[in-house]
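What follows draws every value from the coordinates through simple rules; no lab data is involved. Computed from a predicted model, the values in this text were never measured in an experiment. Glycine gets a Cβ as well: all are built from the backbone with ideal geometry, and neighbour counts include every protein chain shown.
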Amino acid sequence: MSFQVTFPELKNALTTMYSNGSRDDKTRATHFLEQFQKSQEAWKLTHEILNDKSLGDLQLKLFAAQTLRSKVVYDLSTQVQESTYDALKSSILNLLKLYNGKSERLIRIQLSIALSQLALQYLSWTSAMNDIVSSLTESNQNTLVLLEFLKILPEELSDVKKSHLTDEEYNKRSKELVTDQVESVILILKNLTENNTNNNQDLNSAILDCLNSWITECPIEQILHIDSLTALIFQSLSQDSTFDKAIECLATIIRETRDIDNYHIIDTLYQQILKLNKFMHQSPDKLEDLETIEGLTRLYVECGESWHTLIAKNPKHFKPLVEILLECTSYEEDLDIVKYTFQFWYLLKQLIIIPKFQESREEFSDVYLRLIAIIIKHLTYPIAKNDNDLFNGDKEQEDKFKEFRYEMGYVLKDCCAVVGASRALQVPFEQIKSILSNSSGHWQYLEAPLFSMRTMAKEVPAKEKTILPTIMSFLVRLPEHPKVRYAATLVLGRYTEWTAKNPEFLEQQLNYITHGFEVANNNNDIMMATSHALMYFCQDCSELLLNYLEQLYILYNQVRGQIDLDSNYELSDGLAHVVAKVPEENLYKTLEMFLQPTLDLLQNLVSMPVSEAGNKEMADQLEIICIYIDVLKTSEFDKPTYAVATLFIEKIWPLTTTILTKDATSLIVSEKCMKLIKSAILSFSSYLNSILPQIAEILHQGFKQTHFGCYLWVTGVVIRVFGDDEFSPPEITLAVYEFAMQQAQLFFEQLFSQKSQGEVENCSEVIEDFFRMTNDLLMFYPFEFIPNFDFLTSIFKACQIVLSIVNEYNPIISCIHFLIDLVSWGLEHPPISLFEQQDTEPLKQAIKQFLIVDNHGGDLLKVVLNGIIFKFHADVQQDANDLILKILVVVTSVEMAINWLRSAVVDLPNVNEKEMDRLIDTVTVALQNKDNRRVRSALKDFINWYSRKNISPRSEFQGYTH
C-alpha cells in the first residue's frame, strides 16, 4: 500500500486528534493515521522519527513506536523481506537502548512489544534471547530496559491468536523463547536481586514486575526455593514504593499453589501470611491507607479462594485465615474492598455444607453468624436529615449502593445455608427487638435487618417452626413508618410459601399487607410493595384464598385506579392464580366477574375517537387479559369444552376483532392484540379450532394492511400449535401450511419492493419475525418446504439482502439460525429426531442439489464471510462461522467446497496470498478427514487475524498501558 506522508502531516493529524476540533476533522485525521499505519512507507518514517532524539514531540514519538509495533505484529511477513529481519532486529534493540529514560517508558513498552513479536516471527533467529540479553546488559543503564522487555515477552507470547503463525510454529517458537528460558531468566532476577546492595527501590519494583510475568511459566517450587527472591517479595511489602508489586507477585504465587500437592510449601506461605497480618496490625498507620487495605484484602482473598478446599479439610489450622477474611469483610470505609471477599464465603460454604465436612461447618458456624451481623451493618442506609435524599443528590452512588445490597444478599444466603435458617434469622430478629426497645433509633437500623430477612427467605424451609412463627407475629405489629412498612411488606411477600404451609398466619399477614393500600397516602413505593407481596400471596396461597375471593375482588376494584401499571399487572397475576382454583362449574362466571371491568373499559375505548393516549390505554388493558389467559392455561384436552376458552371465544375474541378492525394501524395496539391471540393459542390450543379460520384471516389481512412483524410472529405460533400432525387433523395442518405460505409471499413482496438500503433496514423487526416464522415452517413441514425450490430461491434472495444490508443484531441472527437449520437437513442425520422414522434421504439430496444450483452455496458463503468480517455484531460470529462450516460439509464435493471458499476469500481486499493458502490447505485436509473442529478453528483463526490486521483500528491515541 503506497502512502506518501511527511512529518508535518503526521504531526497535524495527531494534533487534531488531541484538540477540540470537530468530529469530521477527527474522523479524517483518524482515517489518515490508520492508512499511514498500514502503509509500506510507515517502516521508514517511524524509524526516522524514533532515531531523531532532537525531536521533542512525545506524542509523535509514541505514535511512531505504536506504529512500529503494529507493523511488526501485522505486516512483517507481507511487507518485509526475511533477509532484512536481522537489520530490523538491530534497529529495534538500538531504539530500546536509546529510550532508556524514566519519562520514555511508554515508548519503550511499544518497542519491547515490537521486539517480542519480531522474535516470535523471526523463526531462524535461534539465539534470540541470548542476543537480546547480551545487548541489553552491555550497560547498567539498560537494566530496567531489560527487565521491562522480559516482563512483556511471556505476556505477548501467551496467545497464538496474536500472530499469523501456525499452531505448530507458534508452539515451537514460544517454547524456545519462553519455556526453555525460564531458568536463565530466574537466574538473571536472582543475580540482580543479590547485587542490589544499595536496595534500589526502582530496581526492586522492576524485578518484581518481571518475576510476576514468569511465575506461571515454571513450577512454583523452583521460585520459592530461591531465598533472595522470596525475601525480596516479603520485604517489599513493607515499602510503599514496592508494596503493590509485591502484593501482585505474592498473589500470583498463591494462585499457582492451587495446582500443587506440596502441603509443606502451602503451609510455609500460610505462616508468612499470618506474620504479614500481624506485622500490619503492629503498624496501625499502614492500615489507615485505603490502597494498602485493598492490596492486603486481595492477597488474603487469593489465599482463601486458592486454599478453600484445604480450609474445609483443616478447619482449626486455617481458622486464623478465615478470621482475617472476616475482618476484611467488616471494613467500613470502602464497600468495594468488602466485595472482594464474597466469592470466598461462597466457595467455603459450598464445601462445608456437604455432610463429610460437618466438623468444619461446626467450626466455622460462629464465623458465619458474625458475618451476618457484619453484612446487616453494611446493608444500613446512611443517616440523613432528608429521608428522600440519603445520598445528597448523588444518584450514581445511590444506585451503586442498592446494587451492592443485592450482592450482599447472596452472602447472607450462604450464611443461612451454613448456620441454618433458625440461627440465621435470630440475628436480624434480635437486632430488630433491640432497636425497638430504643425509641430514638433511626428507621435505617430497622430496615437493614428486615432486608436481610427478605434475602434469606429462599434458604428458609417451609417447615421452619422454631423462630418464624414468632417473627411473623412480630412483623405485623411493627410501628407504622413508610420505610418500615415497605420493608416488612416485602418480607412477608417472600415467605408466602411458608405461610401456605402455616395457614394460621394467613389472615393477619393478609390484613397487614392490604392495609398498606389504606395507609400508603400516595406513597408509590408502598403501593408497589403491597401489590408485589399480594401477588406472591395469591400465587402461593391460592387455594387458601378462595374463601377471600369476594374481598379480593372488591379490593382490586378499589385500588386498580390508584396503583401504577406494573402493580396492576402484578395484582392481576396474583388474582388469576386464585381464580384458577375455582371449580370448573363456577370458573366462567368468576373469571367474567374479574375481567368485566377491563372488558367494559376496552369497549368504551373502542367507541371513542382514535388517539395515541387511547391506544396506549387499550394496550395496557389488553395486557391484563393476557395475564389471566397465561395463568389459566389448560393442560387437559380430553373434555369437550374449557370454560376459559369458551369465555375467550364468546367475550374476548369479538372485542379483539373489533379493536383490530378499527385500529390495526397502531403498532402498539396490533402488537398487544397479537400477544393476546398468542396467549390464547398457547393456553387453549384445539379448543380454538372453531375460530382458527378467523384467526388466520385476521393475521393475513393484518400483515397485508400494516406490514407489522407481530402478525408473522403469531403466524409462527399457529404453525407450532396447529401444524403438529400428532395433535391436529390433516385438514388443519394442510390449511396452516397454505396460510403460512401466503404470509411468506406477502413478506417477499414487501421486502423485494424496497428501493433503498434505508427502507430495508426499516423492516428489521419484520425480517426477524419472518425468519423465526420460517424456522417454525421448516420444523413442522420439511417435506413440503425443502423440495419447493421456487420458495427456497425466494428465501435465499431475502437472505442475501438481509445479510448484505441490515446491521441490527436480531434480524441477522434469526436469518443465520434459519440458514443453519435449513442447511443442516443436508447433513447425514436430520436436525430433528422426530423425522428419523421417515425417509429423509430425498430432503438431504434436495439441500445438496439446491446449494449447487445457480451457485447458491458459493454465493451464500461469500455473503456470510463478508458479513463476519465487515459488519456482523461480534455475538453473531460464532453462529455465522458454524453456517460456513455446514455449507462446506454438506456439499458433496470437497473440491467444490474449497473453490467456494477460495472464491470468497480471494475477493477480500488486501488479502495475503500466504495466509489464504494456509487457510485453504488446512480446510482441504480437514474436510477430507471429516475434521469439522479443525475447519471451524481454521476459519475462526483466519477471520480473526484478517480482521485485526485490516479492519480493527491500529491507532491508540491515549497512550498505552501494558
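Below is a table of values for the structure above.
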{"item": "Order of Ser70, Ser39 under a 10 Å beta carbon neighbour criterion, fewest first", "result": "Ser39, Ser70"}
{"item": "Count of lysine pairs in the range 822-962 with Cα separation under 27 Å (8 or more residues apart, or interchain)", "result": "27"}
{"item": "Between the range 681-747 and the range 321-380, the Cα center-to-center distance that results, in Å", "result": "56"}
{"item": "Between the range 72-109 and the range 774-798, the alpha-carbon center distance in angstrom", "result": "57"}
{"item": "In Hz, Karplus ³J(HN,Hα) per residue of the range 752-762 (6.51, -1.76, 1.60; θ = phi - 60°; x = Gly, Pro)", "result": "6, 8, 5, 9, 9, 4, x, 5, 5, 5, 5"}
{"item": "Rounded if a/c under 1.5, otherwise prolate or oblate - the range 737-891, Cα gyration tensor axes", "result": "oblate"}
{"item": "Approximate shape of the chain as ellipsoid semi-axes (Cα gyration tensor, √5λ), whole Å, largest first", "result": "57, 47, 26"}
{"item": "Extreme residue, positive dipole direction of the chain, given options Ser452, Ile786, Leu632 (C-beta unit charges)", "result": "Ser452"}
{"item": "Stretchable slack from Asp564 to Leu98, in nm (0.36 nm times residue separation minus alpha-carbon distance)", "result": "160.8 nm"}
{"item": "Label-point gap, in nm, between Ile383 and Gln800 - each point 7 angstrom along Cα→Cβ", "result": "7.5"}
{"item": "Relative contact order, percent, the range 781-962 [alpha-carbon distance under 8 Å, six or more residues apart]", "result": "20"}
{"item": "Distance violations [Cα-Cα > 28 Å] among Lys38/Lys89; Lys245/Lys316; Lys704/Lys797", "result": "Lys245/Lys316"}
{"item": "Proximal aspartates and glutamates to Lys175, defined as alpha-carbon separation beneath 14 angstrom and excluding residues fewer than eight positions away on the same chain", "result": "Glu155, Glu156, Asp159, Asp167, Glu183, Glu217"}
{"item": "Relative exposure of Asp261, Asp875, judged by other C-beta atoms within 10 Å (fewest first)", "result": "Asp261, Asp875"}
{"item": "Relative contact order %, the range 699-819, counting alpha carbon pairs below 8 Å whose residues are six or more apart", "result": "30"}
{"item": "Fewest-first ranking of Thr641, Thr646, Thr197, Thr67, using other Cβ atoms within 10 Å as the exposure measure", "result": "Thr197, Thr641, Thr646, Thr67"}
{"item": "Anisotropy class of the range 323-452 from Cα gyration tensor, a/c 1.5 cut", "result": "oblate"}
{"item": "Two-decimal ratio, the range 480-581, of alpha-carbon radius of gyration to 2.2 N^0.38 Å", "result": "0.96"}
{"item": "Global form of the range 209-323, assessed from the alpha-carbon gyration tensor, a/c cut-off 1.5", "result": "oblate"}
{"item": "Flagged links, alpha-carbon separation over 19 Å, of Lys339/Lys413; Lys53/Lys97; Lys44/Lys71; Lys278/Lys349; Lys151/Lys286; Lys501/Lys581", "result": "Lys278/Lys349; Lys151/Lys286"}
{"item": "The chain - percent relative contact order, Cα under 8 Å, separation 6 or more", "result": "7"}
{"item": "Per-residue [θ]222 nm for the chain (sum of -39500 (n - 2.57) over DSSP H runs n ≥ 4, rounded to 500)", "result": "-23000 deg cm²/dmol"}
{"item": "Student exercise, the chain dipole from Lys, Arg, Asp, Glu Cβ charges, in Debye to nearest 20", "result": "1060"}
